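Written out below as structure tokens is the structure these notes cover.
Derivation of every value follows stated rules applied to the coordinates shown; laboratory data play no part. Owing to the predicted nature of the structure, the values given are computational and were not obtained by experimental measurement.
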Amino acid sequence: MHRSGVVMAWNVFQFCTALRGLGSIMIFLVLGVVGVTYYSLVITSYGPALFNGGLDSVEALAILGLFHLLDCKDSFFECLSLGVLLGFNSRAILVMQLVMLLWSYFSVVLTNPGSVPPNWKPDVDEERGEDIDPLTGSETGLEQSGVHGDFANPRVRYCRKCNQFKPPRSHHCSVCGRCILKMDHHCVWVVNCVGALNYKYFLLFLLYAFLETTLVSMSLLPPFLAFFTEEEIPGTPGTLATTFLSFVLNLAFALSVMGFLIMHISLVAGNTTTIEAYEKSSPKWHFNLGRKKNFEQVFGTDKRYWFIPTYSEEDLRRMPALQGLYYPCKAPLDPQGF
């Protein structure tokens, strides 16, 4: 579209502020899906079967016990010891799995994704008046790339919307109205940005959501298929409708979350974000330190904390990347490094 000789690009982000209106609606929607799933799987389907005796009890115990096997694998010794203490009670195990899912979800919702500290500036050599790149040790010169309007040096980045310097890998979110450290995207499902400080929690939410919805879909598949046969199905119309709805919802979520999970696994392996994967044009990505170190920059080095939404104090103290301001790289930075 041309106006007065100036090309006017349609800005899709002008509608992003409408996403703020979703607010708690999305949170209640997620909790509603979890509630319907728990009711249909435990209360109406396999929970009562535990007391029927015979093969029905064995089948119910095996299906609900599968949650325990996955949970122990994901949460290591915490869930293993808890499962032993609970005596492998299937309902308690299912609740434990749901707790991990909800813990990860609300960690994403309630955690600040990472804001640029007030008056933050790149490190400066006070004697020479030059900016020292903390990743490469190279001098950049604030006077030729600072707030005076000359941004010839891409190592020093300035947000004209926030009127402040931007650390490496940070981006301005049009929905939140601020710059986010290592911003990945703004997620309407968590009503928050996904950035440096809550990206791990978001990945764990995807992981537990995929495991939960997949297991529920597999568990409810037999009663779902029974709807299309002539055999009599036990239960009230309300419980049957809940089972049908729960299967459809969980199958849909399992398939969609699987795609997101695969995508983000590949992003973690390359130490990049959704925005960076879209923007960068060079095949050489200076923040790519190898799959092991890339993984540790998101999940930390302490294996005990890999699958729970928190970090060890030691990792937070000695890994600057977890704070979102500075990131190690393997080569001198160029414009594609941001």
Check: Karplus couplings for segment 97-102 from phi (6.51 cos²θ - 1.76 cosθ + 1.60, θ = phi - 60°), rounded to Hz, Gly and Pro as x?
Finding: 5, 5, 4, 4, 5, 5
Check: Using the Cα atoms as the points, what is the convex hull volume per residue of segment 189-338 in Å³?
Finding: 151
Item checked: Entries in K166/K330; K166/K292; K161/K303 that, when Cα-Cα distance is taken, lie over 29 Å -> K161/K303
Checklist line | Cut-off under 5 Å, modelled amide H: who pairs with Y158 long-range | finding: K166
Next item on the list: Using θ = phi - 60° and the Karplus relation 6.51 cos²θ - 1.76 cosθ + 1.60, list the HN-Hα couplings for segment 174-186 in order, rounded to whole Hz, with x at every Gly or Pro.
Entry: 6, 7, 6, x, 7, 7, 10, 5, 6, 5, 9, 5, 9
Checklist line | Diffusion coefficient, µm² s⁻¹, Stokes-Einstein with Kirkwood Rh over alpha-carbon pairs of segment 266-318 at 4 °C and 1.567 mPa s | finding: 106
Notebook entry, point to check: Using modelled amide H (1.01 Å from N, peptide plane; none on Pro or chain starts), what sits under 5 Å from the amide H of N271, excluding residues fewer than 5 places away?
Noted result: none
